[in-house]
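Input: a single structure, listed below in structure tokens.
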Amino acid sequence: MIFLLLGVLVLVIGGCVCVVWAERGGPRWVRIVAALTRGAGELVSSAQKSRSRNRSGDTDGD
């Protein structure tokens, strides 16, 4: 389990490095990884927003 979490952490950090590098004009593969990282971030962000909207709409007046 710890290796899985470390692997995810390495991927996240690597994606962030690629985003910064791509902003400074990195090679093509870096720009592709950066675009994928940004897309994944947008998906996570929209999923969290819809999840929080669903939770706030499910209140029964408790």
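The values are calculated or read from the model by the stated rules, or taken from the named source; none is laboratory data. These numbers were taken from a predicted model, which means no experiment stands behind them. Please note that ligands, DNA and RNA were not included when accessible areas were found on the heavy atoms of the full protein model with its side chains. Shrake-Rupley method; radii C 1.70, N 1.55, O 1.52, S 1.80 Å.
Taking the square roots of five times each eigenvalue of the Cα gyration tensor of the chain, the equivalent ellipsoid has semi-axes of 33, 17, 7 Å, listed largest first. Remark: the chain carries 87 Å² of accessible area per residue (probe radius 1.4 Å; ligands, DNA and RNA excluded).
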